[in-house]
Amino acid sequence: MKASIHLTIDRTKCDGHGLCAELLPELIRLDDWGYPIITPGPIPERLGRIAQRAVDTCPVLALALRRTAVSR
Amino acid sequence: MSGLRLLAGPDLRSGAESLADHTRRLGAPTLGGRPLTETLVRSGVGGRGGASFPVGIKWRAVAAAASKGPAVVIVNGAEGEPQSHKDRLLMATRPHLILDGAFLAARTLRAAQVVIYVGEEHKTAWAAMARALKERPEAERRITRMAGAPNRYVAGESSAAVHLVDAGVATPTTTPPYPRERGVAAAPTLVQNVETLAHIALIARYGDAWYRSVGRRGAAGTLLLTIAGGVKSPGVLEVEAGTTIEEAVAAAGGVSEPAAAVLLGGYFGVWVPAAQAWELPLDGETLRSRGMTLGCGVIGVQPAGRCGVCDTARIMRYLAEESSAQCGPCFFGLRALSDACSRIAERGTNRDDIARLKKWAVDVSGRGSCKHPDGAVMFLRSALSTFSDQFASHPAHWRQQPA
């Protein structure tokens, strides 16, 4: 078993500050109103650290990482 | 109005059936507990609030979560869908079928609390449910209370019902956790539509084979429909599942003038061109497999004289205003979509707004904590395809259209 990590967002908390898209443009872009659109699928390993930083930087704690176990 | 099962019995115009009459007519339910849950699974009965979620599976989930502590049952009679009347009619005429279902659920799931959640503006239904509750045994009354659902589109969503009971605010909350896992005061909570509870009350008497013994074209059971718009006798009907839209419309007296399209499933539903709609069987599973929805059973018949663009713009404006304004993509996105629809309706087609509608419909989808934006976008996409000619060359005529 291997853990796969996804970005999740609590939409009721998100205020569209947009820091996540600044830090992680590879996986997050902003819609026309400034709210993040997250690329679906697991986070590639090379982006793991920066994804964690994006989560830590969210001013309203709306962004989170979710680990799900997947069988190989 | 016709009644096959839920609406069988005394004349609906005589109002709510009393507990004495109800018991004399139907006797007491014979099934309960685990056997009832498994019977519901086998019956295949799905929720009638809009999502068609399989009832037996939901009960199993609540029962599993309730092994650690008592559950809560919410009887959902919010009926916030503007065109739907079937829940109100059922509450006003057959309250004890609904309450039978609610208390069967309460006993089976060992619930310590039952909340009857009724739309504040459904006054006749509220009064009938309150009166019916007074007729029930003390053991049932003691654990039950009534709560008013505000007249908002999202108030009937299951997490919104839980939120109202918990905090007095009928806005949806982020799921998961789903109410069946963690609902009222963190207890596992069954939120079940009133029509669904009434079906359960009959299945607990007659079994799953009986439930499946009616139904057409492979579908099982009966459903309540609200037939609205351009038909001769609009109103609520009970039909066998699998009945076609054409047959249902014929049962409502037939069309009052030639129809252009059908809005199937209410404002969270889909527009279907009339020519394609007539043959469709009314069954949650069949419609879902074709990318459509039975929703809460509304069939809105649009007469050929109306404008599809203007009707769509009006409904989009309503859905945008009904956003609970908690999630940015829903609040801003639906407003932007509604504005673009209105511009096309008022000032005529322009290529930029058509392109925006298509782009934003994709952007907004799946980005709310509840399904409000998804429902609105599904509705809009069906409009863009059903009325593609009208959207492509719409004149500036909104103001001339009757509401």
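Every number here is computed from the coordinates shown, using simple stated rules; none is lab data. What you see is a predicted model, and the numbers here were worked out from it, not measured in a lab. Here Cβ is always computed from backbone atoms with ideal geometry, including for glycine, and neighbour counts include all displayed protein chains.
Comparing Cα centroids, region A:1-32 and region B:215-252 end up 45 angstrom apart.
The count of lysine pairs in the protein assembly as shown that are at least 8 places apart or cross chains, and whose C-alpha atoms lie under 28 Å apart, stands at 15. Using only alpha-carbon positions in chain B, the gyration tensor eigenvalues give semi-axes of 36, 24, 18 Å once each is multiplied by 5 and square-rooted (largest first).
For region B:294-396, with only Lys/Arg (+1) and Asp/Glu (-1) charged at the beta-carbon, what is the dipole magnitude about the Cα centre, in debye rounded to 20?
Working: 13 positive and 10 negative charges, 26 e Å.
Value, rounded to 20: 120 debye.
For the segment B:363-374, counting C-beta atoms of other chains within 10 Å of every residue's C-beta and taking the mean gives 3. Simple rule: put +1 on each Lys or Arg Cβ and -1 on each Asp or Glu Cβ in chain B, find the dipole, and look at B:Ser159, B:Leu12, B:Leu31; the Cα lying farthest toward the positive end is B:Leu31. Per the Debye formula on identical point scatterers at the alpha carbon atoms of region B:308-400, with no solvent, log10 I(q)/I(0) at q = 0.13 Å⁻¹ is -0.37.
Other residues lying with their Cβ under 13 Å from the Cβ of B:Gly254 contribute a combined charge of -2, Lys and Arg counting +1, Asp and Glu -1. Across the options B:Ala396, B:Val364, B:Pro172, the greatest Cα extent toward the positive end of the charge dipole of the protein assembly as shown (unit charges at beta carbon of Lys, Arg, Asp, Glu) belongs to B:Pro172.
When shorter helices are ignored and each DSSP H run of at least 4 residues is given -39500 (n - 2.57), the per-residue value for the protein assembly as shown at 222 nm works out to -12000 deg cm²/dmol.
Expressed as a fraction of 2.2 N^0.38 Å, the C-alpha radius of gyration for chain A is 1.08. Pairwise alpha-carbon distances in the protein assembly as shown exceed 30 Å for 50% of all pairs. Separation of region B:100-164 and region B:73-98, taken as the distance between their Cα centroids, equals 10 angstrom. To the nearest ten degrees, helix A:48-57 and the longest principal axis of the Cα atoms of chain A are 40 degrees apart. Residue-normalised convex hull volume from the C-alpha trace of region B:12-212: 110 Å³ per residue.
About the Cα centre, and with charges only on the beta carbon of Lys, Arg (+1) and Asp, Glu (-1), how big is the dipole of the protein assembly as shown? Nearest 20 debye, please.
Numbers: 56 positive and 44 negative charges, 228 e Å.
The calculated dipole for the protein assembly as shown is roughly 1100 debye.
With the highest mean first, a sort of the peptides B:352-362, B:51-61 on other beta-carbon atoms found within 10 angstrom per residue produces B:51-61, B:352-362.
Please compute the contact order of chain B in relative form: average sequence separation of alpha-carbon pairs under 8 Å and at least six residues apart, divided by the residue count, as a percent. Before the final figure, lay out each step's value.
Numbers: 834 pairs, mean separation 61.9, N = 403.
Result for chain B is 15 percent.
Shielding value for B:319-328 is 2, the average number of Cβ atoms from other chains within 10 Å of each residue's Cβ.
Find the relative contact order for region B:308-400 and round it to a whole percent, using C-alpha pairs within less than 8 Å whose residues are 6+ positions apart.
Averaging sequence separation for qualifying contacts and normalising by length gives 37 percent for region B:308-400.
Working ranking of peptides B:167-174, A:50-57 by packing, defined as the average number of other Cβ atoms within 10 Å per residue, highest first, is B:167-174, A:50-57.
Averaged over peptide A:34-42, the number of partner chain Cβ atoms lying within 10 Å of each residue's Cβ comes to 3. About its Cα centre, chain A has a charge dipole of approximately 460 debye under the convention of +1 per Lys or Arg Cβ and -1 per Asp or Glu Cβ, with nothing else charged.
For B:Arg182, the amide hydrogen comes within under 5 Å of the amide hydrogens of B:Thr189, counting only partners 5 or more places away or on other chains and with H modelled in the peptide plane.
Proximity of backbone amide H atoms, modeled 1.01 Å from N, is registered between B:Ala261 and B:Ala274, B:Gln302 at under 5 Å, excluding neighbours fewer than 5 places apart on the same chain. Altogether, the Stokes-Einstein calculation at 37 °C and 0.692 mPa s, with the Kirkwood radius of region B:149-268 over Cα pairs as Rh, returns a diffusion coefficient of 193 µm²/s.
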